[in-house]
Amino acid sequence: MSEKTKQAKAQKSHAWSPLAWGLILGILFGFLLQKGGVTNYDVILGQLLLTDFTVVKIMLTAVLVGMIGIFTMKSFGWVSLSIKPGSWGINGVGGLIFGLGFAILGYCPGTIAGAIGNGYLDALVGGLAGILIGTGLFAALYPKLRTGILAKGDFGDITIPKLLKVNDWVVVIPVAVLILTLLIWLETSGL
Amino acid sequence: MDFLAQVRWSPYVVGAGIGILSWLSFLIIKKPLGCSTAFAKTSGIIEKKIRGRHVALKPYYDKIKLEIDWQWMLVLGIVFGALISALLSGDFRLQWVPSLWLSSFGNTPVLRVFVALLGGILLGFGARWADGCTSGHGISGTLQLAVSSWISAIAFFVGGIIMAHILFRIIGG
């Protein structure tokens, strides 16, 4: 085998493994989402109506565990962060539009995949079709939006520690304490 | 193995599990978990099949390539993972109208599907506008302390809480 075909073969097998890992991580993710109850419309709307705090409990615990692990591994040089650049136009306005859709649909892009696996037909027939139309609409309007509202209030790919010009842990530890306090408060107040 | 057949797990166990999944994603794939880009790629791929190759030339599809990537497989995996979990616990059921919706808006599948379609359009449009969703910004971005993700996550819930109250406390109340 020539050096070139060897290289091509190595590249090909390398290109396959993220797909396989994506599927495996997805199966675990979907399993957890379903066991958490968040593939269910009633649980998500319960959160947005502030009567059921399951979604917030899951998200805050995931952020707490994820954050401590990622910043520890970053300290060891095992991982590097992958920060999305942003602006007020992108994240503030886009986030609000997403939120309105989130409440009307009752699923988000991750949980709708889980809802489909759970057998919920409103997710499969209505929601999935809608998301595909909505993302297509955005692709069509992107050239106009890109130089307009999306560029407003740009702040780039910054993290809170960088913004405050402090060491990561100066933010990680207080955020961890804040999340823990919030979770304990939610639990003791019976929510 | 009884725990696999339970309908619900504690949200703290589920949350911790997702946190650990985020470690694996960073370690193995070198990227954070995210879901919404996969839908945008699917939309572009379908449009390309219907309308022809020029669809791929849109500037947005230069930004997110129209190919099946690991995140697409992740979303496919979620369908199977949720299906397995629901089958193991007997929580799988074919259902058109969720019970909370039914209590305010009745048992008509057409109405629920139509509203889900409208909500999906806004959600898909907003997810691309915000450059991420409840996974990519709400979990993966916030846990990295990204400014863009904290603003997005707060906006998701502000928009969501307002619209949920309009729907169920004003229109359906």
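The values are calculated or read from the model by the stated rules, or taken from the named source; none is laboratory data. Since the structure is predicted, the reported quantities are computational estimates derived from the model, not experimental observations. When we count neighbours, we look across all protein chains shown, and the Cβ atoms used for this are built from the backbone with ideal geometry, even at glycine.
Please work out if residue A:61 is in a helix (DSSP H, G or I), facing another protein chain (nearest Cβ under 7 Å) and among the polar types (S, T, N, Q).
So residue A:61 fits the description; yes.
Taking the criterion of being in a loop (DSSP other than H, G, I, E, B) and not aliphatic (A, V, I, L, M), the residues of the stretch B:50-77 that qualify are B:52, B:58, B:59, B:65, B:67, B:69. Among the residues of the stretch A:71-80, not a single one is within 7 Å of chain B (Cβ to nearest Cβ) and small (Gly, Ala, Ser). Of the helices (runs of 4 or more DSSP H) contained entirely in the stretch A:101-166, those carrying at least 3 residues that are touching a Ser or Thr at 6+ places or on another chain (Cβ under 7 Å) and touching a residue at least 60 places away in the same chain (Cβ under 8 Å) fall at A:109-118. Taken over the stretch A:140-171, the criterion of being over 22 Å from the mean Cα position of the chain (by Cα) and at positive phi is satisfied by A:153, A:165. Of A:78, A:88, A:185, which residue is loosely packed, with under 14 Cβ neighbours inside 10 Å, within 22 Å of the chain's Cα centre (by Cα), at pLDDT 95 or above and of a type in the set (A, V, I, L, M, F, W, C)? Answer to the check: A:78. Of all residues assigned to the stretch B:153-165, none qualifies as being part of a loop (DSSP other than H, G, I, E, B), facing chain A (nearest Cβ under 7 Å) and touching a residue at least 12 places away in the same chain (Cβ under 8 Å). Across the stretch B:13-28, the qualifying residues are those that are surrounded by fewer than 18 Cβ atoms within 10 Å (Cβ to Cβ) and facing chain A (nearest Cβ under 7 Å), and the one among them that is farthest from residue B:144 (Cα to Cα) is B:28. Taken residue by residue, the stretch B:144-153 has no member that is closer than 27 Å to residue A:161 by Cα, modelled with pLDDT of 95 or more, among the hydroxyl-bearing types (Ser, Thr, Tyr) and in contact with a Leu (Cβ under 8 Å, 6 or more places away or on another chain). Would you confirm whether or not the stretch A:152-159 contains a residue that is among the basic types (Lys, Arg), surrounded by 15 or more Cβ atoms within 10 Å (Cβ to Cβ) and out of contact with any His (no Cβ under 6 Å at 6 or more places or on another chain)? Scanning the stretch A:152-159, I find no residue that is among the basic types (Lys, Arg), surrounded by 15 or more Cβ atoms within 10 Å (Cβ to Cβ) and out of contact with any His (no Cβ under 6 Å at 6 or more places or on another chain), so the answer is no.
In the set B:43, B:103, only one residue is crowded, with 17+ Cβ neighbours inside 10 Å and either within 14 Å of the chain's Cα centre (by Cα) or not in a loop (DSSP other than H, G, I, E, B) (or both); that residue is B:43. Taking the criterion of being within 7 Å of chain A (Cβ to nearest Cβ) and either touching a residue at least 60 places away in the same chain (Cβ under 8 Å) or small (Gly, Ala, Ser) (or both), the residues of the stretch B:66-90 that qualify are B:77, B:81, B:82, B:85, B:86. The set of residues in the stretch A:58-74 that are without any contact (Cβ under 8 Å) to a residue 24 or more places away in the chain and of a type in the set (S, T, N, Q) contains only A:72.
Out of the residues in the stretch A:39-56 that are under 12 Å from residue B:164 (Cβ atoms) and hydroxyl-bearing (Ser, Thr, Tyr), which is farthest from the other protein chains (Cβ to nearest Cβ)? Selected residue: A:51.
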